[in-house]
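For reference, the structure is listed below as structure tokens.
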Amino acid sequence: MYDVFSLPEIKFPDGFLWGAATAGHQIEGDNVHSQCWAGELAGGFRETSGKACNHYEMYRDDVALIRELGHQAYRMSIEWCRIEPTEGCFDEKAMEHYLDELRLLKQQGTYVLVTLHHGSHPQWFDERGAFQRIENLGCFERYLEYLAPKIAPYVDNWHTLNEPNGAWPISREMDTARTNKIKFHARAYRLVKSYSDAPVSYSHCFMQYMPKRHYNAYDNLITNVKDFLQHETWFHAIRTGELLSLYGNAESVPEVKGSVDYWGVNAYTRHMVDARIAPGDAPRFKHKELKMIAKDFYLEEMYPEGMTANLERLTDKPVYITENGCACDDDRFRIVYIALYLSAIREAIDLGVDVRGYFYWSFMDNYEWSSFLPRFGLVHVDFETFERTPKPSAYFYRDVIAQNGVTPELISRYLSELPTLSRRDRGASPAKMKVSE
Ligand code: IFM
């Protein structure tokens, strides 16, 4: 655990943008035309998304809460499967729903970042092979031609795809999907640019890979391969237009070159690589295993140093941190996490990285793709009643925004001591905490 009380004052550049992020499938509920919905029902999931946070019905309240909590910006996604539930048929009511949400956000002065594809898409698109088949690019284009001009007046910033580089491609099929996604991204970038002057990028899943044994050649080799395939091939493609593949010849795609106006970074933790374990995914060091949620589901590790190191690779364009956050039952961890990662981001700025904004993941507790257990939210959601209750970290973050930084005084106001997770605490229900307003 880090001594967050010894952090010096951290100030951010004037105009730094502060907000939080969400994604449609994870909060809206009843997303029945999505491939995720079908996949969930097919089994293998701990829980299905069901009503999620019921945001589709409660969006007016949520938009108001974003403002009440002092956020300047909001990152949201639009569900393609609601707008085009069957191929080629567009649902005007769903379109009007999103336009209303966007209008409300703009009316209250919120800076809006819209992600066009965040993990879920129509079931029919999935049945056609989704990103696996480059022929499907036309489907995405047709959808964006419908959507982009309508929402452009309300969008301050765009993301084409969320974490398209997410998994490192260990098979030929995954490698094909990876290069196709770069092409989908680039086409979407060009299309959006024809309707909007706002900046456009994608959200790069920036997992930091590290060898478990720094002296071991194989651990280092696999670490470098993973990093190369998941990160460097994307950066290289966008910087040069050259798409590298593990299985085929490199391809030059001019449309890809320069297809981001800034780097969108989603970064949470690091990943240890051990060549003795296939496919290299090593367990964390025991002393770093913070089981911050009650059930045996997730092991988060605070590794803010990874954020600084990642950002140092992105000095050629501005950067927005479009996701960073932690899943924990004891909200005090979130305060520690935010303070430490902001310190790491400030360090990157001092090293010459042009970081312009920060979006905490997530605005509220939500559906974490197969379960409601990991609670990433600044706002607690009761998944029975859908009541929203801001956590202490939401007020901490509100004050960070107001001060454009973190001070030792602010940390002490919200934390009286460092949270611990002794063996005894594991599995215990989270301590009741006073909400400070
Ligand atoms: O919930 C996800 C999000 O959809 C994509 N980035 C990581 C988050 C936390 O796992």
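Just so you know, all these numbers are worked out from the coordinates, no wet-lab data involved. Since the structure is predicted, the reported quantities are computational estimates derived from the model, not experimental observations. Neighbour counts run over all protein chains shown; Cβ positions are idealised from the backbone, glycine included.
Overview of results
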quantity: Highest to lowest packing among 168-180, 242-254, 355-367, scored as the average C-beta count within 10 Å; calculated: 355-367, 168-180, 242-254
quantity: Out-of-range pairs (alpha-carbon distance over 26 Å; input Lys106/Lys150; Lys93/Lys183; Lys226/Lys257; Lys183/Lys317; Lys212/Lys317; Lys106/Lys257); calculated: Lys93/Lys183; Lys212/Lys317; Lys106/Lys257
quantity: Sequence of Glu9, Glu141 once ranked by neighbouring C-beta atoms within 10 Å, starting from the fewest; calculated: Glu9, Glu141
quantity: Average projection area in nm² (convex hull over Cα atoms of segment 81-212, one quarter of hull surface); calculated: 9.4 nm²
quantity: Over the chain: Rg over Rh, Cα atoms, Kirkwood Rh; calculated: 0.94
quantity: Charge-dipole axis of the chain as Lys and Arg at +1 and Asp and Glu at -1 on Cβ define it, positive-most pick from Leu373, His287, Asn266; calculated: His287
quantity: Ratio Rg/Rh [Cα only; Rh per Kirkwood] for segment 1-148; calculated: 1.05
quantity: Antiparallel %, DSSP beta bridges [both residues in the chain], to 5; calculated: 25 percent
quantity: Label-point gap, in nm, between Phe386 and Glu242 - each point 7 angstrom along Cα→Cβ; calculated: 5.2 nm
quantity: Cα-based Rg / Dmax (Å) for segment 295-379; calculated: 13.8, 42
quantity: Size of electric dipole in the chain: Cβ of Lys, Arg +1 and of Asp, Glu -1, about Cα centre, debye, nearest 20; calculated: 760 debye
quantity: For segment 189-287: span of alpha carbons on each principal axis (Å, largest first); calculated: 51, 34, 18
quantity: Chain lengthening between Tyr2 and Glu92 when straightened (0.36 nm per residue, less Cα-Cα); calculated: 27.3 nm
quantity: Spin-label zone in segment 97-134 - amide nitrogen under 17 Å from a point set 7 Å from the Cα of Arg60 along the C-beta vector; calculated: 97-108
quantity: Per-residue [θ]222 nm for the chain (sum of -39500 (n - 2.57) over DSSP H runs n ≥ 4, rounded to 500); calculated: -10500 deg cm²/dmol
